Structure formats: structure tokens, C-alpha cells
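What follows is a single structure, written as C-alpha cells, with notes after it.
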Amino acid sequence: MSIPTEHILILASLLFSLGALGFLLRRNVIVVLASVELMLNAANLTFLAGSRAHSTSDALSMEGPVFSLFVILVAACEAAVGLALVIAFYRQKRTVDLEAATELKG
Amino acid sequence: MAAVSVACALGVVVSRSPMQSVLNLLGSFLALAVVYLLMGFQFLATAQVLVYAGAIMVLFLFVVMLLNLTDKEPAQSWLMGLFNGRVLGSLASFLGLAALGMLAAGGATFEAFEGGLDGSHEGGLDPIYSVAEVLFSKYMLPFEAASVLLLATMVGVMLLAKRERGEEDLGQGGGAA
């Protein structure tokens, strides 16, 4: 109980902004997926901070870790499917540049 | 630790090569695991190291290395496609198995505590005990839904890889058959 909750929230928001920045600015699909993972991690950290702020002195509140576990699980699924799509995309286009995905452009 | 995590996250976004950025991501995950540990969530720190730093990082590094090493010869890419489908499918199933195994380990610990050490550990003091208690009573339905999601992901990734392989086989002609 040594770290204050505000510091954890500041760290989470920093991580989330960095992830969003990478998601919006980068053009490499792999880096974009990595940024998504960063944002999910920041959300996990927020869950844990909330759970810790709500727990009493003798018992930790366990809702936050459970939800974080679900988030980790969804992140694992997302990474597997996303990277499979990256490989399929690469086989078609011979690049991992997002600018090459213009087939649906009107 | 927070500073290390933020610095590595910055590295993810600004580094030029995807390899560097994925390795920076690994550093960020590990630093976050230590932060979880400092906050008192041992089980989640373990899960973070196993699933993120272990399984997801293996997937990322595998894809980065595969795509960097691939050349444009068609024969090479046909072989690569065959290899690819199998390895990707098995990696995805490994990932799912790791996550499910960890959840099951949580449950096993719960039962061991309930059966063996009756009353010697008060619930709520042991982190894994309380995680399992909440997970298997209040959040049973999301837990089941998560297992269905893992199965769907496994099948979906295999389908993606398999269809690609079939197309490449057709494109290559009768040499393979």
C-alpha cells in the first residue's frame, strides 16, 4: 500500500496516450498491434488501481484482477488473430505498410 | 519501474525498426509486471509474465523475423506458406492452452486450499485463493464465455492459415500433388 493511487493512474494514462499515439501515427501494422497491446495494458493497470483503492486493509478486493485476467485473455486472442491477418496481408501485398490497404477506397 | 515502463513504451512508438519496437514492448510488459507485484497482485504479475512476455511476445517476434527474412522467390514462399500455417496454428493453440491452464491452475489452488488446509488460511488473505473464489462464483459465466472465445480464436486462426495455404497450393500447380 505504499504507492499512491494517483501515481498509478498517471502512469496508466501515460501508457495509454503513448499507445494511442502509436496506433494513430505509425504505418507499420506490427507496431500498430503493439500499440494496441500497450493500451490494453494501461486499461489493466487502471482496473488494478481501482481494485486496490476499494480494498480494505485486511483483504484485497479481487474484482480488478479477475477483470484484468479477462483483458489479458482477450489481448491474447487479438494478438493471434491480428498477426495471422498481418501474415495474410503480407502474402498478398508483400508489405506491412498500412497505406497499401486501399482496396475499399471509393 | 514506472519510469522504465514509460521509457520502453516511448521506445515502442518512436523506434524505426519493428524489431526494436517489439523488444521495447517486452521491456514495458516486464516493468509493468514488477509494478503489479509491488501493488500486491502476485497472481496477475505471474499471468502478465507468462501470457504477455511469454506467449504474445513469441508471436510478435516470430512474425517480425518471418517477414524480415522472407524473400520474393515463389518456391521459397510456397514452402514458407506451408510452414507458416502449421506453426501459426500451433502457436495460437499454445497461447490458448497457456491461458486456460493458468485459469485452471487458479481453480486447482482453490480446491487444494478448500480441501487440504481447511480453515488454516482465511480466504481473502491469499491472493490466488481470493481470485479463484471470485472467478468461480460470481464470474462463472464470463469465464465460460472466455473459453468459448479461445476456441473460436483457435479455429479462426487455423482457418485463416489453411485457406491461404490452399490458395498458394493452387497457384503453384500440380508440382505439390
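The values are calculated or read from the model by the stated rules, or taken from the named source; none is laboratory data. Only a predicted model underlies this, so the values are computations on that prediction, with no experimental measurement involved. Neighbour counts run over all protein chains shown; Cβ positions are idealised from the backbone, glycine included. What goes into the accessible areas is simple: the full protein's heavy atoms, side chains included, and nothing from ligands, DNA or RNA. Shrake-Rupley method; radii C 1.70, N 1.55, O 1.52, S 1.80 Å.
Placing pseudo-labels 7 Å out from each Cα toward the beta carbon at B:VAL34 and B:LEU61 gives an inter-label distance of 1.9 nm. Modelled this way, with points 7 Å down the Cα-to-C-beta line, the labels at A:THR5 and A:GLU78 are 2.5 nm from one another. Overall form of segment A:5-102: oblate. Here a/c, set by the Cα gyration tensor axes a ≥ b ≥ c, is 1.5 or more, and a/b is not larger than b/c. Whenever you get a sec, compute what percent of the accessible area on chain A sits on carbon and sulfur atoms (1.4 Å probe). The computed percentage sits at 68. Accessible area lost on pairing A with B, both sides, 1.4 Å probe, Å² to nearest 100? When A and B are taken together, about 5300 Å² of accessible area is lost.
In segment B:3-36, burial by the other protein chains removes 50 Å² or more of 1.4 Å probe accessible surface, compared with the chain on its own, from B:VAL6, B:VAL13, B:LEU32, B:TYR36. The solvent-accessible area of B:GLU133, taken with every protein chain present and a 1.4 Å probe, is close to 80 Å². Looking at segment B:1-50, the accessible area is 40 square angstrom per residue; that uses a 1.4 Å probe and ignores ligands, DNA and RNA. Largest to smallest in accessible area, the residues A:HIS54, A:HIS7 fall in the order A:HIS54, A:HIS7 (1.4 Å probe, all protein chains included). With each label modelled as a point 7 angstrom along the Cα→C-beta vector, the A:GLN92-A:LEU104 pair spans 1.1 nm. Put a plus charge on the Cβ of each Lys and Arg, a minus charge on the Cβ of each Asp and Glu, and nothing anywhere else: the dipole of chain A about its Cα centre is then about 500 debye. Heavy atoms of the protein chains alone define the surface here; on that basis segment A:3-82 has 38 Å² accessible area per residue at 1.4 Å probe size. FRET efficiency for the A:ARG27 to A:HIS54 pair, using the beta carbon distance and R₀ = 30 Å, is estimated at 0.15. Shown are A:ARG26, A:ARG94, whose ranking by accessible area with a 1.4 Å probe and every protein chain present, most to least, is A:ARG94, A:ARG26. Residue farthest toward the positive end of the dipole of chain A, with Cβ of Lys/Arg at +1 and Asp/Glu at -1: which of A:PHE89, A:LEU73, A:GLY50? Towards the positive end, the residue furthest out is A:PHE89.
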